[in-house]
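**Q** Before anything else, here's the structure in question.
All of the numbers you see were taken from the coordinates with simple rules; none came from a lab. What you see is a predicted model; the values in this text were computed from it and never measured. Cβ: placed from backbone, ideal geometry, glycine included. Neighbour counts: every protein chain shown.
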Amino acid sequence: MSNIHTSLYDFMLHFHEKHNSVAVIRGRKSMRFDKLLKEIDRVAASLEAMGVKKGDNVMLALPNILQCVVLVYAISRIGAVASMIHPLWSTDEFDGAVKKLRPKIVFLSDVNLKKFKGSCHGAKVVMCPYLFYGFVGLKRGKGFTPFTGDGEEAMFYLQSGGTAGSPKTIVLSSRAVNAMVNNLISTLGDRFDEKNRMLTVMPMFHGFGLCIGVHASLCLNMTSVLMARFDAKKVAKEISKRRITNILAVPRMISKLLALDSFYGDKISSIEEVYVGGDSVSDALVHEFENRIASSGGKAKILPGYGLTETVTVCALTRDKFTEGSIGQMLEGMKAKVIDDDGNVLGVGERGELVIAGEQLMSGYFGDEQATKDVMLDMDGEQWVKTGDLVSMDEDGRIFFLGRKKRLIKISGMNVFPSDIESKAQELDFVHECVAVEFHIDGKPFIRLLVEGDLTEAQKDEIIEYIKRHLSHWNTPREVVAVPAFPRTQIGKVDVKKLLETYGGDQQK
């Protein structure tokens, strides 16, 4: 494996010897590696000509377009920091990020230029057209001083809810991102090259799309096929047209693809592996997908995984056969323990909070030293990050996700894990997405099970009776509520926080 203690750009350049294969495709436009490397240097020179220096922040509020890929590595080339921002944020959210991070330059697209330009607070603005490759307002540079890093320099500012739930700006070093690639390839095997095509529809403002869909792919000489947003019909068409071999997805994306008649046959037979994260993966979804692929003449596997931005997204992955309820085993080079509320390490099968150690850990939360201290744990002279997730581990190191620690429900002093209720309800063929939430009547806690879609009263009663038969009475919902459509986060996960705001809380008789 390669030396992780170097800049993001140098790691990508030297991980595999670069051939003149296609590096990135977006729509009708593509770039081979020789063109990509020249563009990176050209843009790096322009950034320096516009006053960007080592350590300065350059903000990218861009969708998955070619300019965003070039900019990430151009920023690394001169030792600056790339702040990745959702291009469709509200004006208030964007304004707050600019005030907090104080970027030297902000890159916008023609889609959000009018909306955000007035909130750049003196930062220079460059516009990247959505439909064609170019930079409007970028000065021409005559050369630049290449940055030589040791990997500890800040490379990305990524926005996240943080393991404690409140909004955070996470600082990722080049070393941490490079380590993720090394650990991933050590786990999967160094078997990828220019014959592989990675579908990157996961956004680059999110670590999954940025660090795996782009950085890992380019390190391996794979072709990263960019799509700016998920549309099931367009994604299925792109899979067929580009002969996609590898896909990053969340479970909802897979479900939407399986609902298409066109997602069948030789059109999808090129798919080899699908890396799924961001939400729980059901056994039914894995079997339906793999059966569809097999009947289409392919051999693709779904590999569920787990990660958080504080660990550069993926830090655990299913290595071979999927085990229901498991989010995989830790990547090579990463460590995991399960601890109780007092920090005591728990044994096999015991339920507690997952803590993680390894080279992939974040540098901290930007401008929030206390929050950083709160989430970091020193054990035996090694730094661990507390995930806020409740899990158990078996004797083979497989991790079983039980839910967020803050979602733990106590009924009559007993711990109730929402995931137990949700997975049991999903055994009924008319229940798909569901979320168990806590609510109170006159201060007494009860469980309400929210099910996405329509339900008859008989079906609601059947869910309650089914859970009552298979779980303890503490797990039995007081009521089942049908919700037409669950709110979703930026990457398609169920927004549990919004559901809790609407359906949790206190009620009076």
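**Q** Please list 3J(HN,Hα) in residue order for the range 51-61, calculated via the Karplus relation 6.51 cos²θ - 1.76 cosθ + 1.60 where θ = phi - 60°; whole Hz, with x for glycine and proline.
**A** Coupling constants for the range 51-61: x, 6, 10, 3, x, 5, 9, 10, 9, 10, 9 Hz.
**Q** In sequence order, what are the phi-derived ³J(HN,Hα) couplings for the range 214-231 according to the Karplus relation 6.51 cos²θ - 1.76 cosθ + 1.60 with θ = phi - 60°, rounded to whole Hz, with x for glycine and proline?
**A** Once rounded to whole Hz, the list reads 10, 5, 4, 4, 5, 4, 8, 6, 6, 9, 8, 9, 8, 10, 6, 7, 8, 9.
**Q** Pairs of Cα atoms under 8 Å, at least six residues apart: use those to get the relative contact order of the chain, whole percent.
**A** After rounding, I find 11 percent.
**Q** Starting at 0 and stepping by 10 Å, how many percent of the alpha carbon pairs of the range 408-507 end up in each bin?
**A** With a bin width of 10 Å, the distribution comes to 16, 51, 30, 3.
**Q** Could you line up Ser217, Ser7, Ser119, Ser280 from fewest to most neighbouring Cβ atoms inside 10 Å?
**A** Ranked by crowding around the Cβ, least crowded first: Ser119, Ser280, Ser7, Ser217.
**Q** Let me ask you something else. Can you give the Rg/Rh ratio of the range 124-196, where Rg is from the C-alpha atoms and Rh is the Kirkwood radius?
**A** 1.08
**Q** Just to confirm a number: summing +1 for Lys and Arg and -1 for Asp and Glu over residues other than Met127 whose beta-carbon lies under 15 angstrom from that of Met127, what do you get?
**A** +4
**Q** Let me ask you something else. In whole Å, largest first, what are the principal axis extents of the Cα atoms in the range 329-478?
**A** Computed over the Cα atoms, the extents are 56, 38, 29 Å.
**Q** Then there's this: Based on the Cβ-Cβ distance of Asn20 and Ile441, what FRET efficiency does E = 1/(1 + (r/R0)^6) give at R0 = 45 Å, to the nearest 0.05?
**A** The pair Asn20/Ile441 has a calculated efficiency of 0.10.
**Q** Taking amide H atoms as placed 1.01 Å from N in the peptide plane, list the residues 5 or more away in sequence, or in a different chain, whose amide H sits under 5 Å from that of Val201.
**A** Distant-sequence amide H within range of Val201: Met227, Leu248.
**Q** Shifting gears a bit: Determine ³J(HN,Hα), in whole Hz, for all residues of the range 426-440 in sequence, where each value follows from phi through the Karplus function 6.51 cos²θ - 1.76 cosθ + 1.60 and θ = phi - 60°; x replaces Gly and Pro.
**A** In residue order, the calculated couplings are 6, 6, 7, 5, 9, 10, 10, 7, 8, 9, 8, 10, 9, 9, 10 Hz.
**Q** Provide Thr318, Thr200, Thr6, Thr323 in ascending order of the number of other Cβ atoms located within 10 Å of each residue's Cβ, fewest first.
**A** With the sparsest Cβ surroundings first, the list reads Thr323, Thr6, Thr318, Thr200.
**Q** In the structure displayed, which of Lys35/Lys117; Lys54/Lys99; Lys35/Lys139; Lys234/Lys256; Lys38/Lys139; Lys267/Lys299 lie more than 23 Å apart, Cα to Cα?
**A** Violating the 23 Å Cα-Cα cut-off are Lys35/Lys117.
**Q** If you take the beta carbon distance between Lys373 and Tyr130 as r and set R0 to 41 Å, what does 1/(1 + (r/R0)^6) give as a FRET efficiency, to the nearest 0.05?
**A** So, using R0 = 41 Å, E works out to roughly 0.50.
**Q** How large, in Å, is the chain by the Kirkwood hydrodynamic radius built from its alpha-carbon pairs?
**A** 23.9
**Q** What shape does the range 217-287 take by its C-alpha gyration tensor, where a ≥ b ≥ c are the square roots of the eigenvalues and a/c under 1.5 counts as rounded, a/b above b/c as prolate, and the rest as oblate?
**A** Oblate shape, in that a/c is at least 1.5 and b/c is the bigger or equal ratio.
**Q** Rounded, prolate or oblate: which fits the range 307-386, taking a ≥ b ≥ c as square roots of the Cα gyration tensor eigenvalues, rounded meaning a/c under 1.5, else prolate when a/b beats b/c?
**A** Oblate shape, in that a/c is at least 1.5 and b/c is the bigger or equal ratio.
**Q** How far, in nm, would the chain grow between Lys237 and Leu258 when pulled straight, counting 0.36 nm per residue and subtracting the alpha carbon separation?
**A** In short, 6.2 nm is gained.
**Q** Mind jotting down the three principal axis lengths of the range 1-120 based on Cα atoms? Whole angstrom, largest first.
**A** Largest first, the range 1-120 extends 44, 34, 28 Å along its Cα principal axes.
**Q** If you average the C-alpha positions of the range 248-271 and of the range 174-235 separately, how far apart do those two centres end up, in angstrom?
**A** 18
**Q** Would you work out the relative contact order for the range 8-303, in percent, from Cα pairs under 8 angstrom that are 6 or more residues apart?
**A** 17
**Q** In whole angstrom, how far apart do the alpha carbon centroids of the range 103-151 and the range 453-477 sit?
**A** Between the Cα centres of the range 103-151 and the range 453-477 lies a distance of 53 Å.
**Q** Report for the chain the percent antiparallel among DSSP-assigned beta bridges with both residues inside it, nearest 5.
**A** 55
**Q** What is the antiparallel percent of DSSP beta bridges lying wholly in the range 408-507, to the nearest 5?
**A** 60
**Q** In whole Å, how far is the Cα centre of the range 378-426 from that of the range 43-101?
**A** 36
**Q** Another question, if that's okay. Going by amide H atoms built from the backbone, whose H comes under 5 Å of the H on Gly149, apart from near neighbours?
**A** Those qualifying (amide H under 5 Å, at least 5 residues apart or on another chain) are Ser7.
**Q** Taking all pairs of distinct Cα atoms, average 1/r, flip it, and tell me the Kirkwood hydrodynamic radius of the range 8-303 in Å to one decimal place.
**A** About 19.7 Å, per the Kirkwood formula over Cα pairs.
**Q** Bin width 10 Å, origin at 0, all Cα-Cα pairs of the range 1-63: what percent of pairs per bin?
**A** 17, 39, 39, 5
**Q** To the nearest 10 degrees, how steep is helix 66-77 against the longest Cα principal axis of the chain, on a 0 to 90 scale?
**A** 70
**Q** Percent of Cα-Cα pairs more than 19 Å apart in the range 343-410, please.
**A** When all Cα pairs of the range 343-410 are counted, 41 percent exceed 19 Å.
**Q** With every atom except the alpha carbons ignored, what do you get for Rg and Dmax of the range 263-335, in angstroms?
**A** 13.3, 40
**Q** Which cross-chain or sequence-distant (5 or more) residues have an amide H under 5 Å from the amide H of Cys315, H modelled 1.01 Å from N in plane?
**A** Tyr306, Gly307, Leu308
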